[in-house]
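Q: The following block contains the structure, expressed as structure tokens.
The values are calculated or read from the model by the stated rules, or taken from the named source; none is laboratory data. The model shown is predicted, which means the values in this text are computed figures rather than measured ones. All Cβ positions, even for glycine, are placed from backbone atoms using ideal geometry, and neighbour counts span all protein chains on display. SASA here: full protein model, heavy atoms, side chains in, ligands and nucleic acids out. Shrake-Rupley method; radii C 1.70, N 1.55, O 1.52, S 1.80 Å.
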Amino acid sequence: MLKVLGRVTSINVRKVLWAADELGLPYEREDWGLPLRDPKVPEFLALNPNGQIPVLIDDGFVLWESNAILIYLAEKAGDGRLLPSRLQERARVLQWLGWQASELNPPWGYAVNALIRKTPGYDDPEQITASLRAWAFRCIAG
């Protein structure tokens with residue numbers, strides 16, 4: 001059975017869970033990620049040296065990075081439902097996965113650290129506003 005390590009409040013964990021559910025793949029989920037369980041401990045770092053969630057474990061095979069996990073799950077059990085076999089359709093899916101990771105996620109980083117994670121040092125109201133505006137613009141422009 002698949003095991004997904006990560007907390008459901010993480011967008012990257014949720015997209016992996018969504019894909020597994022869409023594909024009808026049974027899985028167990030284990031809470032990892034702050035504030036629930038610190039992924040920077042040796043036990044977790046042995047699975048993902050970046051100390052980030054999610055991590056997928058499939059019969060001893062360990063994979064991290066949510067987009068890589070999505071592609072893996074789609075290839076494993078998707079039968080073309082999530083990742084089409086036709087080249088141009090497949091390229092369009094991969095285009096949006098890349099856009100999400102490189103264009104949509106980075107702008108919200110400051111705001112997430114300030115407003116959700118309460119990370120020390122992320123307390124500049126102007127940078128929070130700029131982060132939120134940049135993210136909103138990417139959502140509209142995307």
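Q: Determine which member of the set 28, 22 is over 25 Å from residue 116 (Cβ atoms) and assigned to a strand (DSSP E or B).
A: 28
Q: Let me ask you something else. Residues 99, 64: which one is out of contact with any helix residue (DSSP H, G or I) (no Cβ under 7 Å at 6 or more places or on another chain), surrounded by fewer than 17 Cβ atoms within 10 Å (Cβ to Cβ) and either within 20 Å of residue 16 (Cα to Cα) or of a type in the set (Gly, Ala, Ser) (or both)?
A: 99
Q: What's the total number of residues in the stretch 36-49 that are in contact with a strand residue (DSSP E or B) (Cβ under 7 Å, 6 or more places away or on another chain) and closer than 19 Å to residue 11 by Cα?
A: Residues in the stretch 36-49 being in contact with a strand residue (DSSP E or B) (Cβ under 7 Å, 6 or more places away or on another chain) and closer than 19 Å to residue 11 by Cα: 2 in total.
Q: Are any residues in the stretch 25-61 open to solvent by less than 90 Å² (accessible area, probe 1.4 Å), touching a residue at least 40 places away in the same chain (Cβ under 8 Å) and either of a type in the set (D, E, K, R) or out of contact with any helix residue (DSSP H, G or I) (no Cβ under 9 Å at 6 or more places or on another chain) (or both), and if so, which ones?
A: Across the stretch 25-61, the qualifying residues are 47, 57, 58.
Q: When the residues of the stretch 107-142 are narrowed to those that are of a type in the set (D, E, K, R), open to solvent by 90 Å² or more (accessible area, probe 1.4 Å) and over 15 Å from residue 11 (Cβ atoms), which ends up modelled with the lowest pLDDT?
A: Ranking the qualifying residues of the stretch 107-142, first place goes to 118.
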